[in-house]
Amino acid sequence: MILQGNQRGGGANLAQHLLKEENDHVHVHDLRGFVSSDLPGAFKEAYAASRATKAKQFLFSLSLNPPPSENVPTEVFEETITRVEHALGLAKQPRAIVFHEKDGRRHAHAVWSRIDAKEGKAVQLSFTKRKLVDLSRELFLEHGWRMPKGLMRSELRDPRNFTLAQWQQAQRQVRDPREIKQALQECWAASDTRAAFSNALHERGFLLAKGDRRGFVAVDFLGEVYSIAKWTNQKARDVRKKLGDANDLCSVEEAKAQWIDQHQERLAELRTQHTEKIRARFEMLAEKKRAMTTRHGAERQAQKVKQEEQNRAALIKCQAHFRRGLLGLFDRISGKRKRLEQEAEALAYAQAKTQQAERDELIYRQLADKRQLLARSERLLSFTRAQRRMLAQEFKDATEKPKDKEPTRPRRGRSPRPGR
């Protein structure tokens, strides 16, 4: 569990931050040592107490972040907070605990008032960062969680705290020379005129152009140049006889420029289609998330009402055991009432623990639902990035292709050996 704490003022802003609605669920779990029953009022009390001192940073705020994939019971959060306040000397100070849930992740915030009312001064806090790191390391070891590298050795800590995978540049797939040769030969065999040959080449991803030395050439969408005579196994005079004069054709550079223009138009269409499709899918996931959050809130409210009814029924049943009047006075004198009160307290404590376990179980189940939805969003985001990289790389390959690079002509009569 990563523990991060700091001294601060601004109680009103902190309360607003802790209660903000951008989280899926916010729960004020505990308010100790404050007269007020709400978070803004509690922090106002702490600020009022600080006015009698010189302390400007009258609060100590702590965030408790367990591993995202772990279901951590509420008791573990409470025990951790207790260990923190004992380590920092805040055990007797007023305290607030707030739980946040967002995107399948549950974490907690604890805030203490640093003002000691009896002493009339702020509690001195020293080496808080070191103490929190030590305690955080102990928690990972105690619970068997996978420890971040930054906790193992400080020199391995990522100063950027960057969790996304680094972008890897996509490499274009190399075309098989045998497939290229077969395509050019098929276009040659199926065409009787230059116009027919040019159209057949264009359908297969080539443009007919005038070469610098070889007369007729084909330029593919990657900017590669292929000699028609060599790649179709024809003599140069037969090519000229069938295709005529090459001077009225575009040059290799002009053909490459045409491919680039066509790529730009096509890429613009693909990007538009891709953006609209991805936007619709993200909107669908966002709607599912909103509906899930609403449903989860209703489930928690229903559980809260049910547990309150259980507590009222238990209280009525407990009160029925206490007799009144002279019999009640006799029970007090004999010590029977005290024993009944102790039994009632034990039953209430056991029921509170059971209800907390039920609340945790419901939270775990809802977190699992949120994590599944989050995994879908992450897969969609990864797919979106891959598609964008592919389109960007395709355009880069077309615009940055080395000029006038003649591919190696495949050898006749012998297939390449495996592994070569």
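The values are calculated or read from the model by the stated rules, or taken from the named source; none is laboratory data. All figures in this text were calculated on a predicted structure; none of them were measured in a lab. Cβ coordinates were reconstructed from backbone atoms using ideal geometry, including for glycine residues, and neighbour counts include every protein chain displayed. All accessible areas refer to the heavy atoms of the entire protein, side chains included, with ligands and DNA or RNA removed. Shrake-Rupley method; radii C 1.70, N 1.55, O 1.52, S 1.80 Å.
A few remarks follow.
- Ligands, DNA and RNA aside, residue 202 has an accessible area near 90 Å² when probed at 1.4 Å.
- Rounded accessible area per residue of the stretch 215-343, 1.4 Å, Å²: 66
- Sites matching trypsin sites (Lys or Arg not before Pro) across the stretch 295-381 that sit in DSSP coil, with at most 15 neighbouring C-beta atoms within 10 Å: 323, 324
- Residues 326, 88, sorted by accessible area with the largest first, give 326, 88 [1.4 Å probe; ligands and nucleic acids excluded].
- Between residue 277 and residue 308, the FRET efficiency from the beta-carbon distance, with R0 = 51 Å, is close to 0.60.
- Residue-normalised convex hull volume from the C-alpha trace of the stretch 173-330: 198 Å³ per residue.
- Hits among lysines - C-alpha to C-alpha of residue 131 under 21 Å, sequence gap 8 or more where chains match: 92, 149
- Of 304/370; 288/370; 306/353; 102/288, pairs whose Cα-Cα distance is over 18 Å: 304/370
- Fully extended contour minus Cα-Cα distance, from residue 57 to residue 245, at 0.36 nm per residue: 59.0 nm
- Dipole orientation for the stretch 276-364: of the candidates 351, 311, 286, 311 has the Cα lying most toward the positive pole (charges on Cβ; Lys, Arg +1; Asp, Glu -1).
- Neighbour cut-off at most 10 other Cβ (10 Å), DSSP loop, trypsin sites (Lys or Arg not before Pro), the stretch 216-252: 235
- Pairwise inverse Cα distances across the stretch 293-393, averaged and inverted, put the Kirkwood hydrodynamic radius at 18.2 Å.
- For residue 24, residues with placed amide H under 5 Å, excluding near neighbours: 101, 102, 103
- Backbone N under 18 Å from the residue 362 label point (7 Å along Cα→Cβ), restricted to the stretch 1-38: 24-30
- What you get for the stretch 1-142, charging only the Cβ of Lys and Arg (+1) and of Asp and Glu (-1), is a dipole of about 880 debye around the Cα centre.
- Cross-link reach list, aspartates and glutamates versus residue 241, counting only Cα pairs under 20 Å and skipping chain neighbours closer than eight places: 186, 192, 212
- A 1.4 Å probe run over the stretch 26-70, with the rest of the protein chains in place, finds 55 Å² accessible per residue.
- Remark: spin-label model distance residue 330-residue 379 equals 7.3 nm, labels positioned 7 Å along the Cα→Cβ axis.
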